[in-house]
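Presented below is the structure to which this report refers.
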Amino acid sequence: MANGAWRNARIRGGYQLPLAVLFVLAVAVVLIGKAQSTLFDRARAHVTDWLAPGLEVVHRPFDWVSGWWANLDEAYGVYRENLRLKEENARLRQWQTAAVTLDARLKRYQLLLHAVPDPALTSVLAHVIGRARRPFLETMILDAGNANGVKPGQAVIDSRGMIGRIFLAGQHTSWVILLSDLNSRVPVTMEPSHANAILAGDNSQAPSLQTLAQGAHVKQGDQVMSSGDGGILPPGLAIGTVIAGGNGFRVALLADSASSQDVEIVDFKNPPEQPRAPTPNDLPVAAAGLPPAAPPAPPTANTSPLASAPAVQSPPAGKPAAKPAVKPAPAANPPPANENLPDDQ
C-alpha cells in the first residue's frame with residue numbers, strides 16, 4: 001500500500017518537472033523575442049530557406065489538383081457561356097433581319113414622299129488619356145483637339161452609346177463632360193412614346209429624367225435617345241433605358257465611361273439655318289407673296305354736309321376736264337325794298 005502511494009507521487013512529480021521547465025523556457029523565449037525581435041526574424045528566414053525545397057515537393061501535388069479543378073470549372077463556365085452566346089446570336093440574327101427589312105421599307109417610303117434625307121455624320125476616333133473625378137465635375141480627356149476638327153458641343157460615343165459631349169477643346173486635346181456630371185443637361189426623347197425630356201446629371205451612375213410635358217407617358221423599359229433639339233447634338237444617339245428611381249424616373253446608361261478606352265467624336269454637319277434679321281419693309285403679306293392690301297373705303301353714311309355733295313367724276317382719258325359753271329355773286333349792298341314807297345304809307 002505504501003509502495004503504491006510512493007510510486008504515484010513519484011510519477012506526478014516527474015510530470016510536473018517538465019511542465020515547469022517548459023513554462024520557464026516559454027517565458028524566456030517571450031522576453032528574448034521582445035528584446036531581440038530581429039533575431040527571431042532571421043531565424044525564421046533561415047528555417048524557411050532550409051525547408052523551401054521540401055515544401056515545394058510536398059505542395060506540388062496540391063497545386064496540380066487545384067489547377068486541374070480550376071480548369072474543369074472554367075471549362076464548364078465556357079460551355080455555359082457558349083450556349084448563351086449561341087442563343088443570343090440567334091435572337092440578334094432575327095433582329096438583324098427585321099432591321100434590314102424595316103430600313104429598306106423606310107428608304108422606299110422616303111423616296112415616294114420626297115423626304116429630306118438625314119444629314120451625314122462624320123466622326124473622329126480618339127483615345128482616352130485621362131479621367132478626372134471631382135465633387136462637382138466628372139470629365140475625361142481625349143487625345144484629339146482643334147487640329148482634328150473637334151469643336152465644343154460635339155457628341156462623344158463608344159460602341160454601346162453616348163458618353164457625353166465636348167465642352168473644352170484645345171489644339172491637340174479635348175475635355176468631355178459626362179452625362180452623369182452635375183452640370184450636364186441633354187435633350188432626349190423616349191421610344192416608343194416619343195415623349196421629350198431633359199436628361200439631368202447628378203453625379204450618380206443613373207442620371208435623372210425630367211419630363212417636359214404634363215401627362216407624358218413614360219414607363220420603365222423605354223429606350224432613351226438624343227432628340228436633336230437645339231441643333232447641337234445629332235438625333236437618334238442611343239443613351240440608355242428608363243428605370244424607376246425614387247419619386248421619378250432615371251436612365252441606366254448603356255456606355256460605361258469608367259471602362260471606355262477608344263471613343264468617337266461625332267460631327268453634326270447639319271446645324272439649323274438661322275433666319276435673317278427682319279427689316280421694316282418685311283410685311284407678313286409681302287413675305288407670303290401677296291400684294292399689299294388696299295386702303296379702307298370712305299364711309300357712306302350722311303353724317304356731314306360734305307357727304308351730301310355730288311361726287312366729282314373724273315373725265316375720261318384723253319379729254320380735258322370741263323370747267324365748272326361760275327354763278328354771279330350777289331350784290332354787296334342791295335337797295336332796301338321800301339325805298340320808292342310814298343311817304344303817306
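Each reported figure results from applying straightforward, stated rules to the coordinates on display, with no laboratory input. If you're wondering where the values come from, they're calculated on a predicted model, not measured in any experiment. Note that we place each Cβ from the backbone using ideal geometry, even for glycine, and neighbour counts take in every protein chain shown.
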Worksheet entry | Gyration tensor verdict on region 79-224 (Cα atoms; rounded if a/c is under 1.5, prolate if a/b is larger than b/c, oblate otherwise) | rounded
Discussion item. Cβ neighbours within 10 Å, averaged per peptide: list 79-86, 190-197 in order, most packed at the top.
Written reply: 190-197, 79-86
Item to complete: On a C-alpha basis, how far is the centre of region 108-125 from the centre of region 43-76 in Å? Whole number, if you could?
Response: 64 Å
Worksheet entry | P(r), alpha carbons of region 38-87 - 10 Å bins starting at zero, rounded % | 22, 23, 20, 16, 12, 6, 1
Worksheet item: How would you rank 228-234, 156-162, highest first, on the average number of other Cβ atoms within 10 Å across their residues?
Response: 156-162, 228-234
Worksheet, complete the sentence: In units of 2.2 N^0.38 Å, the Cα radius of gyration of region 62-107 is 2.09
Worksheet, complete the sentence: The set of residues whose placed amide H lies less than 5 Å from the amide H of S184, leaving out same-chain residues fewer than 5 positions away, is G201
Item to complete: Could you name the aspartates and glutamates whose alpha carbon sits less than 15 Å from that of K151, not counting residues in the same chain fewer than 8 places away?
Response: D143, E264, D267
Item to complete: Using only the alpha-carbon atoms of region 36-123, report the extent along each of the three principal axes, biggest first, to the nearest angstrom.
Response: 93, 33, 16
Discussion item. Treating only the Cβ of Lys, Arg, Asp and Glu as charged (+1, +1, -1, -1), what charge dipole size does region 90-225 show about its Cα centre? Round to the nearest 20 debye.
Written reply: 260 debye
Worksheet item: Given the Cα atoms of region 147-201, and with Rh set as the inverse mean 1/r over their pairs in the Kirkwood sense, what is Rg to Rh to two decimals?
Response: 1.05
Discussion item. Give me the tail of P(r) for region 113-171 as a percent: Cα-Cα pairs with distance above 20 Å.
Written reply: 34 percent
